[in-house]
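Here the structure is laid out as structure tokens; the discussion comes afterwards.
The values are calculated or read from the model by the stated rules, or taken from the named source; none is laboratory data. None of these values were measured; they are calculated from a predicted model. Cβ placement follows ideal geometry from the backbone for every residue including glycine, while neighbour counts extend to all protein chains displayed.
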Amino acid sequence: MEPQIIVEGPAVAAGEQARSVLVLYTGGTVGMSVNKRGELVPMDFTQIRKKVPEMRQLGMQVSVLSLPEPIDSSNVTPAEWLLLAGILQQHYAQYDGFVVLHGTDTMAYSAAALSYLLENLGKPVILTGAQVPVGRIRTDARRNLVTALEIAAARHPGGGAVRVPEVCVFFNDVLIRGTRAKKVESQHYSAFRSENYPPLARAGIELEFDDTLLRPLPAAPLRVHSQLDDRVVVLKLFPGITERTVRAILGAEDLRGCVLETYGSGNAPTSPWFLDCLREATGRGVLVLNVSQCEEGRVIQGRYETSAHLTELGVIGGEDITTEAAITKLMYVLGLGHDAATTRRLLMSDLRGEISPSPAAGTSIRA
Ligand code: ASP
């Protein structure tokens, strides 16, 4: 089934006076209603204009497109990311910006995945959603959607250049780079935080952008990638993890990449069986990316004895990348199909603002 597009009035061409924004509804609490069993299920989104009348007051042309079968974001897979990237590519020229309405549960993963898939993005792609469905009195959907629309249409005051040419999450009152978002809250409105990087904008009485943090406009045209390799895994360490478990995960026949969630600044057990498992995996060509379980700070392999051996085993230090950005980066980079050396180099490089330069290297934290 084709995605269903519901356009109110003709879409104006990008660059004409009234800004045009395409809202892409994928599912999630934002558009849910209660079924007979009292469970929250995605509803028909054609009602959105009635539920958010403020959309008409923004002075912009808003078109709404719904996936044929909206989903709870727990069901999102790389296939949905490729579908979304394809839809954004298809409509890229006609709109000034895009808002993706998405469930909060996996929004951070989708934002990171889209950041990688949409190379040289020159327009805003703002993911948002809600903790309370749009029809409910205390919904946060209206506020999140209206501000996301404003961000998607935002221009620099002087020259009128696109202000946010990147994939971001906007939620509650913060605008977060797509590769830095993390869902941190399932009950309250402030569901997301920006990990290891300041928010790009804050929405208070005014929308305050930090232009020093926003990415510049790309020099090259948009390039949309269409391959993701899902032969990857996240292995989270915990005291007591057994050899059997680690062997089963790292020994999976077709495994190509692993995000190893380590302790502190990238530390892991030094037991011989654990090192053997890693050695066998990296020896088979599995790329192991070391990401810290800490919410702040960075991986520094070699700071402690318990991480020195990882570099020798070929484990790649993930610096200050989030798990969400790391697993989607593995999928993306492996999907590019380069040789092993190039793949490793790309994994170590900052591709979409997911890694801050190391302060030890004498650079600022700006990506
Ligand atoms: N389970 C929902 C989802 O991620 C939660 C939400 O949207 O807030 O689709």
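Brief remarks on what is shown
- Residues satisfying the stated conditions in region 26-35, i.e. more than 10 Å from the ligand (Cβ to nearest atom) and not polar (S, T, N, Q): Val34
- Filter result (assigned to a loop (DSSP other than H, G, I, E, B) and within 14 Å of the ligand (Cβ to nearest atom)) within region 36-50: Glu39, Met43
- Only a single criterion out of (1) away from the ligand (no atom under 16 Å from the Cβ); (2) closer than 20 Å to Leu228 by Cα is not satisfied by Pro53, namely (2).
- One residue from Tyr263, Tyr304 being surrounded by fewer than 24 Cβ atoms within 10 Å (Cβ to Cβ), in contact with a strand residue (DSSP E or B) (Cβ under 7 Å, 6 or more places away or on another chain) and more than 18 Å from Arg344 (Cα to Cα): Tyr304
- Considering the conditions (1) of a type in the set (Val, Ile, Thr); (2) under 25 Å from Pro218 (Cα atoms); (3) in a strand (DSSP E or B), Val64 is excluded by exactly one of them, (2).
- Condition broken by Asn75, with the remaining ones in (1) modelled with pLDDT of 95 or more; (2) within 12 Å of the ligand (Cβ to nearest atom); (3) buried (at least 17 other Cβ atoms within 10 Å of the Cβ) satisfied: (3)
- The residue that is nearest to the ligand (Cβ to nearest atom), among those in region 175-199 that are of a type in the set (Lys, Arg) and assigned to a strand (DSSP E or B), is Lys183.
- Whether a residue is in contact (Cβ under 8 Å) with a residue 60 or more places away in the chain and either closer than 24 Å to Ser356 by Cβ or assigned to a strand (DSSP E or B) (or both) was assessed, and Arg202 does not pass this test.
- Residue-level check: of (1) among the hydrophobic types (A, V, I, L, M, F, W, C); (2) surrounded by fewer than 21 Cβ atoms within 10 Å (Cβ to Cβ); (3) farther than 14 Å from Ile151 by Cα, Ala181 misses just (2).
- Of all the listed residues (Ala161, Ala191, Ala201, Ala181), the sole one being at pLDDT below 95 and touching a strand residue (DSSP E or B) at 6+ places or on another chain (Cβ under 7 Å) is Ala161.
- Filter result for Gly129 (within 22 Å of Ser356 (Cα to Cα), surrounded by 15 or more Cβ atoms within 10 Å (Cβ to Cβ) and not aromatic (Phe, Trp, Tyr)): no
- Only one of the listed residues (Leu235, Leu228) is free of Cβ contacts under 8 Å to residues at least 60 places away in the same chain and under 23 Å from Arg344 (Cβ atoms). That residue is Leu235.
- Among residues of region 82-96 that are in contact (Cβ under 8 Å) with a residue 24 or more places away in the chain, those with a beta-carbon under 8 Å from a residue that is among the basic types (Lys, Arg) at least six positions away or on a different chain give the pairs Tyr92/Lys123; Tyr95/Lys123; Asp96/Arg19; Asp96/Lys123.
For (1) surrounded by 21 or more Cβ atoms within 10 Å (Cβ to Cβ); (2) in contact (Cβ under 8 Å) with a residue 40 or more places away in the chain, each residue gets a yes or a no:
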site: Arg19; (1), (2): yes, yes
site: Val23; (1), (2): yes, yes
site: Asn35; (1), (2): no, no
site: Leu40; (1), (2): no, yes
site: Gly59; (1), (2): no, yes
site: Ser66; (1), (2): yes, yes
site: Glu69; (1), (2): no, yes
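- Condition met for Gly318 (touching a residue at least 12 places away in the same chain (Cβ under 8 Å), buried (at least 24 other Cβ atoms within 10 Å of the Cβ) and not charged (D, E, K, R)): yes
- Residue check, Glu295 closer than 19 Å to Tyr109 by Cβ, of a type in the set (D, E, K, R) and at pLDDT 95 or above: no
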